[in-house]
Amino acid sequence: MDQRPFKFLDSYTREDAGIFFGREKEVEELHTKVFESRLLLVYGVSGSGKSSLVNCGLSSKFEATDWLPINIRRRSNITQDIIAAASGYCTTPPTGKLSLRKVLRSVYLDQFMPVYLIVDQLEELFIFGEQEEIDTFIDELAKVLSADINAKVVLIIREEFLAQLTAFEDRIPELFENRARLEKMSWRNAIQAIEGPCSKVGIATENGFAERLLSNIAIGRKDVELTYLQVYLDRVYASMQAEGSDGFTLAQLERIGPV
């Protein structure tokens with residue numbers, strides 16, 4: 001098999017579009033919303049697949065020439081982290097005192113493609129950042145959103161940190177106007193997330209396999225913990241390889257047992 005069908009704990013990226021199943025409705029919703037405003041807020045509980053939805057699902061809706069994503073996750077100072085990452089896309093690096101607005105404008109003028117600034121796990125700014133860092137980022141973001149730049153911003157955050165953002169609505173009035181909440185995956189969609197990749201890479205599945213697997217990881221629940229699903233599927237795949245088999249069976253699930 002040329003492509004490993006399951007990602008363990010890694011997020012899905014554009015390269016994984018062929019094995020990304022179960023979120024078709026959410027992908028379409030996100031693709032519509034990203035054109036409705038310069039700012040899109042994506043939120044949901046931890047482990048619901050927010051990063052994968054944006055970096056794989058949404059990304060796959062664009063042609064390569066219509067989408068220049070700059071993916072950011074805070075390291076030490078979020079504004080400086082973004083400026084450093086965005087500067088790498090500049091053919092002619094901007095000079096003088098650098099601001100987020102100045103660098104993103106330079107990126108667009110050099111690349112001449114719509115820029116999508118994707119800030120992942122924004123909650124880390126509130127967990128690890130000092131107030132000065134938070135205020136600077138909000139001020140820089142407000143200037144970007146009010147500037148004449150062909151750039152959009154996608155903020156990805158755990159929903160329990162949404163309250164932290166309400167303090168900044170005076171500086172960014174549109175902060176909550178365009179948003180998408182990602183629910184945990186339903187059993188129906190989780191079956192697609194199991195069977196779709198298997199079909200794509202040629203793994204046979206015994207009748208009732210997906211349903212039995214879900215009963216092993218989501219006993220008594222109507223939704224599915226994606227972290228459990230990805231880890232469990234990776235284990236089943238490793239078991240199949242160790243046995244020299246070319247398919248998934250109910251006997252494998254019996255041996256592995258429930259979470």
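The values are calculated or read from the model by the stated rules, or taken from the named source; none is laboratory data. On a predicted model such as this, the values are computed, not experimentally measured, just so you know. Using ideal geometry, Cβ is built from the backbone for each residue, glycine included, and neighbour counts are taken over all protein chains shown. Side chains are part of the model used for accessible areas, which takes the heavy atoms of the whole protein and leaves out ligands, DNA and RNA. Shrake-Rupley method; radii C 1.70, N 1.55, O 1.52, S 1.80 Å.
Some values worked out for this structure:
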{"quantity": "Loop-resident sites, the range 98-142, for chymotrypsin sites (Phe, Trp or Tyr not before Pro), counting at most 10 other Cβ within 10 Å (DSSP)", "calculated": "PHE112"}
{"quantity": "Per residue accessible area of the chain, 1.4 Å probe, in Å²", "calculated": "49"}
{"quantity": "Cα→Cβ-extended label distance, 7 Å offset, between SER239 and ARG255, nm", "calculated": "0.7"}
{"quantity": "MRE, 222 nm, helices only [DSSP H, n ≥ 4, -39500 (n - 2.57), over the chain, to nearest 500]", "calculated": "-12500 deg cm²/dmol"}
{"quantity": "Anisotropy class of the range 92-134 from Cα gyration tensor, a/c 1.5 cut", "calculated": "oblate"}
{"quantity": "Cleavage-rule hits (chymotrypsin sites (Phe, Trp or Tyr not before Pro)) in the range 4-97: DSSP loop, at most 11 neighbouring Cβ within 10 angstrom", "calculated": "PHE35"}
{"quantity": "Span-like helix ranges in the chain, DSSP H, alpha carbon extent 24 angstrom or more, Kyte mean at least 0.0", "calculated": "226-243"}
{"quantity": "Relative contact order %, the chain, counting alpha carbon pairs below 8 Å whose residues are six or more apart", "calculated": "27"}
{"quantity": "Nonlocal amide H pairs with PHE248, under 5 Å, H built at 1.01 Å", "calculated": "ALA204, THR205, GLU206"}
{"quantity": "Compactness of the range 45-183 as Cα Rg over 2.2 N^0.38 Å, two decimals", "calculated": "1.03"}
{"quantity": "Neighbour-limited loop hits for GluC sites (Glu not before Pro), the range 40-145 (at most 11 other Cβ within 10 Å; DSSP other than H, G, I, E, B)", "calculated": "GLU63, GLU130"}
{"quantity": "Alpha-carbon spread of the range 176-259, three principal axes, descending order, Å", "calculated": "52, 28, 20"}
{"quantity": "Added length on full extension, which subtracts the Cα-Cα distance from 0.36 nm per residue, GLU174 to ASP66", "calculated": "36.4 nm"}
{"quantity": "Sulfur and carbon atoms: percent of accessible area, the chain [1.4 Å]", "calculated": "48"}
{"quantity": "Label-zone membership for the range 61-105, site PHE161, 7 angstrom Cα→C-beta point, backbone N under 11 Å", "calculated": "73-75"}
{"quantity": "Share of pairwise Cα separations in the range 1-69, more than 13 Å, in percent", "calculated": "66"}
{"quantity": "DSSP-defined beta bridges in the chain - what % are antiparallel, rounded to 5", "calculated": "10"}
{"quantity": "Segment THR227-PHE8, extension gain: residue separation times 0.36 nm, minus the distance between their alpha carbons", "calculated": "78.0 nm"}
{"quantity": "Amide H within-cut-off set for TYR116, under 5 Å, with H built and near neighbours excluded", "calculated": "LEU68, ILE70, LYS152"}
{"quantity": "Spherically averaged projected area in nm², based on the convex hull that wraps the Cα atoms of the range 30-125", "calculated": "6.6"}
